[in-house]
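The structure appears below as structure tokens.
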Amino acid sequence: MKNNNKNIFRFPIKRYTSALLVFWTIMVLSSLLWNINEEEDQVIQFAKIQAESLFDKDLLYRRWNAGHGGVYVPVIEETAPNPYLEGLVSERDITTHSGKKLTLINPAYMTRQVHELGKTDKNVYGHITSLKPIRPENAADPWETEALKSFELGKKEAGVVAMIDGKEYFRFMGALVTEKRCLKCHEKQGYKEGDIRGGISVSVPMAEHRAILAGHIKIYFFEHFTAWLFGICLIIFGSLWIIRNDRMRQNAEDVLIKSEEKYRYIYKNTPAMMHSINSEGKLVSVSEHWLRVLGYEEDEVIGRRSTDFLTEASRKYAKDVVLPNFFKTGICRDIHYQFVKKNGEAIDVLLSAISEKDEAGNVRSLAMIIDITERKRAEEERERLSKKLDEKNRELEQVVYVTSHDLRSPLVNVHGYSKELGRAVAELMSALTRNGISNEVMTEVEEYVRDIPESINYVNAGIDKMNSLLNGLLQYSRTGKRELIIEDLDMNKLMSQAAGTFLFQIKETGVKLDVSDLPSCRGDADQIDQVFSNLIGNAFKYLDPERSGSIKISGDRSEGRSVYCVEDNGIGIAPDDQERIFAIFNQLDMKVTGEGLGLTIVKKIVEKHGGEVWVESEEGKGSKFFVALPNKAGDRV
Ligand code: ADP
């Protein structure tokens, strides 16, 4: 659902980029056209200024000429006397004292001649014209006629770009205003001072201006193209950068959404009690299982303090110890609380939680709660049973101790009296021999007492056996009774001491004894020494006489324990017997000396240390006895 929403707010970067590219192109093109247009206007302005200056100059020369009432110039082929002045002025033509002929040049004639020169030399056209020309050649062309007419309406000048003989020109016309000095010749035409008499049109070629314009346009093109290209690159790279960032953000968002969805799914479906609290310790979410176990509906718990669901004692512990520490460190592990169900029943739980602050500084936390009520009950039951068992064991040990102790005195008596009996029989026989009784009586008495010494021997053997059994029982019960003095044990030292007691045997039998470097452990030095003495003793005792003996002692650390192994290549133990050899008085081979108590004592000592002992053996190949002991303070195996 969330996944779809995110697209609604996505910035359509590609569309915006295209629009920006079009906009930038239009902007650059508009600027180029505007600049070209401005430049063109300027070119026309320059042409106009040029034309105006030419016109002004014409006007000045004309004024100068009119001011002098005309000027005399030598008559040459190009400057014939002006036929339009004939009769208008008295001295049109004069001859100097030296005989040189001069003719009068009026302003109009002069202007025309200068214009003729301009046409050939400078390609600049000039034309003096009027709506009422004296000279027909001065008649106005259509544009000039329009301009002259506009002068009559009050305008003083006109200008236009036009084609003359296939070439582009700027045409300019300025009005010729009748001045006082003009009336001398033009009064006859009816002009008064201030009247518009006509105009002078000047045509300036545009080619040179156009060439300059073309140069400027080239520069404009180059400048605008560079700016356009730069802008396009900027837009494209900018867009690519935004797209890349957007994609990265999107990917991160996708990952976040997926993990959020996964989190929600787990939260809803996990068969575990989970809850989240905010920085005020109030519940913001709880898992379905949480609600099921405690028997609440979601809206009954959200917004309430998580501690509201604890027993009085747990709540105090949470407020005083756990929560302050949790908000400081962001973690808490295996906190033993008691939650109270809606129906008032208390359950034991282990709570572990983590918390972190998001960018806005809000606390997000997740607590995982394991219901250990059943485990706790089972533990309590086990503890109760084990206490009971310990009590029974202690009682049994006491019985064994007392019995074995009390049995000793009658045994000592039996031993003493059997000795006495032997002695008495011997004395009886010697008394009979000394006092000379008949052979028949002697033979009969001998027959009665012959078996007595052998019987006494059997009684003594039985007493010895019973004595060693009682000794074993006493040792066994003492092992159970004795308090352990637990300390770190240097097993290399302890093992070399234990093995040292077998040096004589090693020398006699040539058995190979190998002791590897051993890890340390924790235990009662005397009792652990007893364990390994028994095991090594058995390894020697049950070697196979058919092959040379080899005994190896090794050790390693595993899962918080130190595990030692006493291995021999002896006769081995049948699979069916491997369990029962640890039980009391279990001797597999009665011919071998022993009481079947050694391994029972080993097991008792190891278990008192919280350790474990087991055997791996193959008949005819050898046995490995393993002893696992705690290697750290407080470790229970
Ligand atoms: P015992 O005094 O008879 O040795 P233990 O309790 O030490 O009593 O041993 C019980 C029995 O386990 C022994 O009688 C013997 O048959 C068997 N056993 C013990 N250690 C070994 C071994 N290393 N190899 C083979 N059999 C063994």
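Data for the structure
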{"read-out": "Contour minus Cα-Cα distance for residue 212 and residue 265 (0.36 nm per residue)", "value": "11.3 nm"}
{"read-out": "Coil-residue trypsin sites (Lys or Arg not before Pro) of the stretch 476-521, DSSP, other Cβ within 10 Å capped at 16", "value": "482"}
{"read-out": "Amide N proximity, the stretch 171-203 versus residue 56 label position 7 Å along Cα-to-Cβ, cut-off under 17 Å", "value": "172-177, 200-203"}
{"read-out": "Relative exposure of 260, 40, judged by other C-beta atoms within 10 Å (fewest first)", "value": "260, 40"}
{"read-out": "Modelled FRET efficiency - R0 41 Å, residue 135 with residue 31, Cβ distances, 0.05 increments", "value": "0.20"}
{"read-out": "Per-selection Rg to Rh, the stretch 322-413 - Cα, Kirkwood hydrodynamic radius", "value": "1.45"}
{"read-out": "Model label zone, residue 370; criterion: amide N under 19 Å from point 7 Å along Cα-to-beta-carbon; scope the stretch 255-273", "value": "267, 270-273"}
{"read-out": "Which of 124, 95, 176, positive extreme of dipole for the chain (C-beta unit charges)", "value": "95"}
{"read-out": "Unit charges at the beta carbon, dipole of the stretch 189-276: most positive-side option, 227, 272, 217", "value": "272"}
{"read-out": "222 nm mean residue ellipticity, helices alone, for the chain (DSSP H n ≥ 4; -39,500 (n - 2.57); rounded to 500)", "value": "-17500 deg cm²/dmol"}
{"read-out": "Proximal charge balance of residue 597 [Cβ under 11 Å; K/R count +1, D/E count -1]", "value": "+1"}
{"read-out": "Fully extended contour minus Cα-Cα distance, from residue 71 to residue 123, at 0.36 nm per residue", "value": "16.1 nm"}
{"read-out": "Under the Debye formula (equal points on every Cα, no solvent term), log10 I(q)/I(0) of the chain at q = 0.05, 0.07, 0.08, 0.10 Å⁻¹", "value": "-0.62, -0.83, -0.93, -1.08"}
{"read-out": "13 Å beta-carbon shell around residue 623, net charge (K/R +1, D/E -1)", "value": "-3"}
{"read-out": "Cα-centre dipole for the stretch 100-151 with unit charges at Cβ (Lys and Arg positive, Asp and Glu negative), debye to 20", "value": "340 debye"}
{"read-out": "Net charge dipole size for the chain [Lys, Arg +1 and Asp, Glu -1 on Cβ; Debye, nearest 20]", "value": "3580 debye"}
{"read-out": "Potential lengthening between residue 327 and residue 432 on full extension [0.36 nm per residue; Cα-Cα distance subtracted]", "value": "27.4 nm"}
{"read-out": "Residue 18 versus residue 145: modelled label distance in nm, points set 7 Å from Cα along the beta carbon direction", "value": "5.9 nm"}
{"read-out": "Residues 78, 446 arranged by fewest to most Cβ contacts within 10 Å", "value": "78, 446"}
{"read-out": "Partners for residue 100 among lysines (Cα-Cα distance below 29 Å; same-chain residues under 8 apart left out)", "value": "184"}
{"read-out": "Label-reachable residues, the stretch 404-435, where backbone N falls under 14 Å from a point 7 Å from residue 449's Cα toward its Cβ", "value": "420-435"}
{"read-out": "Approximate spin-label separation residue 230-residue 96, in nm, with each point projected 7 Å along Cα-to-Cβ", "value": "6.9 nm"}
{"read-out": "C-alpha center-to-center spacing [the stretch 140-174, the stretch 42-91] in angstrom", "value": "19 Å"}
{"read-out": "Cross-link pairs beyond the 26 Å C-alpha cut-off, checked among 48/192; 512/624; 388/481", "value": "48/192"}
{"read-out": "Dipole axis of the chain (+1 Lys, Arg; -1 Asp, Glu on Cβ), positive-most option in 255, 140, 70", "value": "70"}
{"read-out": "Net charge of Cβ neighbours under 11 Å - reference residue 310; Lys, Arg +1; Asp, Glu -1", "value": "+2"}
{"read-out": "Residues 616, 312 arranged by fewest to most Cβ contacts within 10 Å", "value": "312, 616"}
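Bear in mind these aren't lab numbers, they're just calculated from the coordinates by the rules spelled out. Since we're looking at a predicted model, the values are computed, not measured. Because the Cβ atoms are built from the backbone with ideal geometry, glycine has one as well, and the counts that use them run over all protein chains shown.
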